1. Does anyone have the angle between helix A:268-279 and the longest principal axis of chain A? Alpha-carbon axes, 0 to 90°, nearest 10?
2. Rounded to the nearest 100 Å², what is the buried accessible area between B and A, both sides summed, probe 1.4 Å?
3. What average count of beta carbons from other chains do you get within 10 Å of the Cβ of residues in A:71-81?
4. Which aspartates and glutamates does A:LYS105 reach when only Cα atoms under 14 Å apart count, and residues fewer than 8 places away in its own chain are ignored?
5. Over the Cα atoms of the range A:76-217, what radius of gyration and what Dmax do you get, in Å?
6. Tell me the Kirkwood radius of the range A:324-476: reciprocal of the mean inverse pair distance over distinct alpha-carbon atoms, in Å.
7. Provide the three semi-axes, in whole Å and in decreasing order, of the ellipsoid equivalent to the range A:193-315 as defined by the square roots of 5 times the Cα gyration tensor eigenvalues.
8. Suppose a student asked you for the relative contact order of the range A:140-297, using Cα pairs under 8 Å spaced at least 6 residues apart; what percent would you report?
Amino acid sequence: MTTTARRTPEPGTWLGIPVFPKAAKQSLQNAEQRKNLAHATGTIRDKRIVRASEVPEWEELRTAAAQIKDRVGRHLDQYLLQAEAAMTAAGVTVHWARDAADANKIVADIAKAKGVDEVVKIKSMVTQEIDLNEHLEAEGIAAWETDLAELIVQLGHDLPSHILVPAIHRNRSEVREIFVKEMGQYGRPAPDGVSDNPPELAEAARLHLREKFLRAKMAVSGGNFIVADTGTLVIVESEGNGRMCLTLPETLVSVVGIEKVLPTLADLEVFLKLLPRSSTGERMNPYTSLWTGVTPCDGPQDLHVILLDNGRSNVLADPEGRAALRCIRCSACLNICPIYERVGGHAYGSPYPGPIGAILGPQLRGLEGANERALPFASSLCGACNDVCPVKIPFTDILVHLRHKVVEHKTAKHPTGEQALMKGAGWVMADGKHLATVQKGSRLAGKMFGDKWIGPLPVPLAGRWLQARDVEPPPTQTFRQWWKKEHEGGAK
Amino acid sequence: MSAREEVLRRIRAATRDVTEKDPAVDVPVEWEYGRPLGTVDVIADFVEKVEDYKAAVRRCGDGEIAATVIEALRALDAHSVVIPAGLPDNWIDALRDAGFELHSDEPVLSHAQLNGIDAVVTTAAVGMADSGTIALDHGIGQGRRALTLLPDRHICVIREDQVVSDVPEGVVRLTPALTQRRPVTWLSGGSATSDIELSRVEGVHGPRHLSVVLVG
């Protein structure tokens, strides 16, 4: 890397964030963030439930969405080839990317070929996943985020903590401080005397970004859906920054995960009813853009689509885990999750936090990393996510399945203490006599603890487990003893 | 191996367990597409839902369209107006007579020029009542996409017979335009954001004001 000055604010980094159990503990100490998250997730949960209950056939829609997504996943090669042919016929240049490095290089090469040194961006999870902005920065190309929350994150040298509202961990006065301090260094400064009133902050963002939209020659987007039979791309958004990026520049590059294909235009009716109500709790998001290739004299005349794998085919390869690919990134599972609400998004160590991050991250990235092995345990298995998911992802089934895989991964290398413990438990449970022997010990422990709950203890294995849990002391009488006493001289 | 071949190879390896080759047979979808919602008064529902986004709705008869558009423009304090190709001549004449500064998009207006114009007046393709959504297919009277994006106020004229009960019927009506590869834009109120503390703010980058004239 050369030492030339950066073009865009230096972001935070996922590297160095400890594994989930440690990171969660640190996050819990952040009282301001907990307050912001409790307020925001509470608000959005209330909105979602109202909007979902307005739709009488909500459950049927969820079922249809799950079925459509499963159909696509199970025949993905067929639908991708169909989409590629339709897009190509409509004048789109279609690229394929095995991984993040492939996709980043394609975007940078297009920018260089066009001779541009800056791009405007629509909020997109996939470009967060591949860390596109930093790759472009290293190539001397400035990537400007134009979604309000992404702008807050970018100007705040921060990391996203939510799929839909990446700056959900910030409150209005923090946003004001960031805008006042940073906007002027990267373009039009925040107006003098701007207050922390959200409409004033939104106005500051409008003014700051307008000059960037008007001069932009190239935009980068993600994509919510690609319709295979027509080659239509669909992007849903709220602020109009998306329409600016999709309409004004001459070149548009859309990076889209291979799982985003839908078979037909008709399928849109299912997803466009489910997505806005599940994500922002609105009957419909303010703007939805649909475009099918190049339209002469209207919008970008040079269109590119990058179809990205980056681990998705690994997810697809596991019949019990592949339902995670149904995800339409609505974020309802984050908002309902008692774990997410308390620890926030950064603790999950990747742009995909919450329940979806816990099932998608380990599958996309594999189980080699310690955090990937920790994520399937970042859940109480309460199952609230199962109920709100608009595409009926069976979160808790997949979490349990992944926990199993993590244990298999661990024991494949060497026997673990846990394994020995389970083997011991197997011996105890196999025979009533064995159990009776062990229960002598547990009765003794019960007498020792009396009525006191058991908290953290300095014993191996159990000590770690007890760090986050309090348990009742073992009973001083076993079930068999009780039975004998109750039924002494009974019918038999 | 090219990236394309590699990705397709991985996908085929990952779905080896799928033996039924016909997707529709392999995973049936239990959904009846394109159904109306059964709303008793579709137009009333449309008005209620559009107004819920804080967009103004003015209803008028066939003969009063130009006058109602003028009223909507004045209510938003607009003086200069973009006129997309194909807007009815009598509306244009009425606007000119009322003293508005009119801009045609022929020759093509630059983004900077469009950014400096107060408002745009267009027709529409489809209205969807249940979600309060208006779809443009950027055909005659609607202009290219930038026209309904850069000016800060959008006056959108839609006829009652263009309004359907819900999204599924709307998608059906828009299918011919999409199949002809026309761009389509759905508007549900003006631009908005909930990015700061999840509190909704109306008006960010797109037109901050959507004003609907419903003719019927």
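1. Result, in degrees: 70.
2. Chains B and A together bury approximately 7500 Å².
3. 6
4. Candidates past the 8-residue exclusion: A:ASP131, A:GLU134, A:GLU137, A:GLU139.
5. Both quantities, over Cα of the range A:76-217: 17.5, 57 Å.
6. Kirkwood radius, the range A:324-476: 17.9 Å.
7. 27, 20, 14
8. 19
The values are calculated or read from the model by the stated rules, or taken from the named source; none is laboratory data. Keep in mind the model is a prediction, meaning the values are calculated, not measured. Methodologically, a virtual Cβ is constructed for each residue, glycine included, from the backbone with ideal geometry; neighbour enumeration extends over all protein chains shown. Surface areas here come from the heavy atoms of the whole protein model, side chains and all, with no ligands, DNA or RNA. Shrake-Rupley method; radii C 1.70, N 1.55, O 1.52, S 1.80 Å.
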